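Following: one structure in structure tokens, then a few remarks.
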Amino acid sequence: MRVIAIANQKGGCGKTTTAVNLSACLAQLKKNVLLIDLDPQGHATVGVNVKHQELSKTMYNVLTSKAENKARLDEVIIPISDNLDLAPANIMLSAIEQELSGKPGREAKLTQAISLMVTNKTYNYVIIDCSPSLGLLTFNGLRASSELIAPVETGFYSLHGISRLLETVNLIDKQLNYKIQVKALVTMFDRRTKFSHEVKEEICKYFGGKVYKTLIHNNVKLKEASSYGMPVIAYNKRCRGAEDYTMLAKEVVAQAKAKKIITKDVQANAAEQQTENAPVQPKEQEMPVKKGAVFTFHDADAQKVEIAGDFNSWVGSTEGQMENIEKGVWARVLHLEPGKYHYKFVVDGKWIIDPKNPKVERDFSGNVNSLLEIK
Ligand SMILES: Nc1ncnc2c1ncn2[C@@H]1O[C@H](COP(=O)(O)OP(=O)(O)OP(=O)(O)O)[C@@H](O)[C@H]1O
Ligand SMILES: [Mg+2]
């Protein structure tokens, strides 16, 4: 069984469209698929035509710690079509973060639920549609997964904040001692615009080439299909969207053959679950934070990159050390109050303005600095 999270905290980048259509296309390739809706918006649930208001049991019941509401994962599953099942969600799921706050083992609830599922069916794929946040629900989704597909749309600010997603993945890797395979998926691609091609290049650079070859083009049929609560292959199997997602499903399947994907994680996590107070539980302060400014800098040759500005009294070395998260990619999250900040990167001792930020301002002595405004 391959457990794949579809996540990116940026809203509207195509997570649900990918989760629903990849699941449907894998099912069409005769793979047994369980689609888990892990978003209180319930879009994946609606996307396969399940009325989310009328559900008596949802992913809320699976993840809750309240004994009177608790259900096993197999107890909430709804069959959708040949080879495709759904574990649905609705707004109730939004209560989980609060409910589980401070509870031991809260980050591994989904892992546990998957491993304790009682079913005579063998799922080849579990596809998890995550919400646009990096809170406890997404953390659960990532932790239960051995792979992450990060849809990135080809638009302005499409990479904004992605380093926080990768930081979260790194945090989980460290806790669990294995690597979640991360791959970006370029979505809403418009081959006619130069801009789309440029952003695609950026995405490839950012993810160090770990990007699906399949591009998901902008295709209005995908939008139409979701408004009818249908996967696109059921709505219009000849359209571009159906072709793209079929190709993606084939690429995902082939990827497993080409390279043995980790499959032991579910069992490993399950074993870890036996002791709910296991020492790998992160401390509260290590949980992903909700607010912060993400700074990224690209330079394949740099040995050391720091950020210095108003926020750290222009002393890079102590407060502003940036982390080399991927080859050539440096990132740092700073938690800043609303306000105006001037800053520069210090790359191997050389001060430079942020090449990706067009906003600059001169200081009293005529020096040009990058400008960041947090509202
Ligand atoms: N390739 C595409 N071409 C055209 N429209 C698309 C495409 N992919 C997604 N859309 C549309 O864009 C909107 C956002 O897509 P989707 O709901 O999949 O994003 P999301 O990342 O799941 O959003 P959220 O962060 O709110 O969960 C939807 O209306 C969807 O139909
Ligand atoms: Mg969604």
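All of the numbers you see were taken from the coordinates with simple rules; none came from a lab. Not measured: the values here are computed from a predicted model. Please note: Cβ atoms are built from the backbone with ideal geometry, for glycine as well, and neighbour counts cover all protein chains shown.
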For this session: Enumerate the aspartates and glutamates that Lys66 could reach by cross-link, defined here as Cα to Cα under 15 Å, with residues fewer than 8 away along the same chain left out.
Result: Glu97, Glu99
Exercise. Which chymotrypsin sites (Phe, Trp or Tyr not before Pro) from segment 139-233 combine a DSSP loop assignment with at most 15 other Cβ atoms within 10 Å?
Worked result: Phe156, Tyr157, Tyr178, Tyr228
For this session: Report the calculated FRET efficiency for Glu361 and Gln303 (r = Cβ-Cβ distance, R0 = 30 Å), to the nearest 0.05.
Result: 0.55
Exercise. Once the mean 1/r over all distinct Cα pairs of segment 99-147 is inverted, what Kirkwood radius in angstroms do you read off?
Worked result: 11.9 Å
Problem set entry | Within the chain: Cβ-based charge dipole about Cα centre, in debye rounded to nearest 20 (Lys, Arg +1; Asp, Glu -1) | 1040 debye
Exercise. Counting other Cβ atoms within 10 Å of each Cβ, which trypsin sites (Lys or Arg not before Pro) in segment 147-193 have at most 16 and sit in a DSSP loop?
Worked result: Lys179, Arg191, Arg192
For this session: Could you give the size of the charge dipole of segment 135-185 about its Cα centre, using +1 on the Cβ of each K and R and -1 on the Cβ of each D and E, expressed in debye and rounded to the nearest 20?
Result: 120 debye
Exercise. Rounded to the nearest 0.05, what FRET efficiency is calculated for Tyr228 and Lys174 with R0 set to 45 Å and r the Cβ-Cβ distance?
Worked result: 0.55
Problem set entry | Between helix 15-28 and the chain: long-axis angle, C-alpha atoms, 0 to 90°, nearest 10 | 40 degrees
Seminar exercise, completed: From the cross-link list Lys205/Lys304; Lys213/Lys327; Lys205/Lys237, the entries with a Cα-Cα span beyond 25 Å are Lys205/Lys237
Seminar exercise, completed: Out of Val294, Ser145, Tyr228 - ranked by how far each Cα lies towards the positive end of the dipole of the chain, with unit charges on the beta-carbon of charged residues - the top one is Tyr228
For this session: Please get the size of the charge dipole for segment 291-374, origin at its Cα centre, with Cβ charges of +1 on Lys and Arg and -1 on Asp and Glu, quoted in debye to the nearest 20.
Result: 120 debye
Exercise. Taking the Cα centre of each part, how many Å lie between segment 334-375 and segment 190-205?
Worked result: 27 Å
Problem set entry | Nearest 10 degrees, 0 to 90: helix 240-258 Cα axis against the chain principal axis | 90 degrees
Problem set entry | For the chain, share of DSSP beta bridges that run antiparallel, in % to the nearest 5 | 50 percent
Problem set entry | Backbone HN-Hα couplings from phi across segment 331-346 [Karplus 6.51/-1.76/1.60, Hz, Gly and Pro as x] | 9, 7, 9, 10, 9, 10, 6, x, x, 10, 10, 9, 7, 9, 8, 10
Exercise. Per the Kirkwood definition applied to all pairs of different Cα atoms, how many angstroms is the hydrodynamic radius of segment 2-273?
Worked result: 18.5 Å
Seminar exercise, completed: Relative to the compact-globule estimate 2.2 N^0.38 Å (N residues), the Cα gyration radius of segment 291-374 stands at a ratio of 1.02
Exercise. Of Asp129, Asp310, Asp354, which is the most mobile in a GNM of the chain whose springs link Cα atoms less than 10 angstrom apart?
Worked result: Asp310
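Neighbouring Cβ atoms within 10 Å as the yardstick, rank Cys13, Cys204 fewest first.
Going from sparsest to densest Cβ surroundings: Cys204, Cys13.
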Exercise. Once you put a point 7 Å from the Cα of Phe156 and another 7 Å from the Cα of Asp310, both along the Cβ direction, what distance in nm separates them?
Worked result: 2.3 nm
Exercise. Taking only the alpha carbons of segment 73-229, what extent do you get along each of the three principal axes, in Å, biggest first?
Worked result: 49, 38, 29
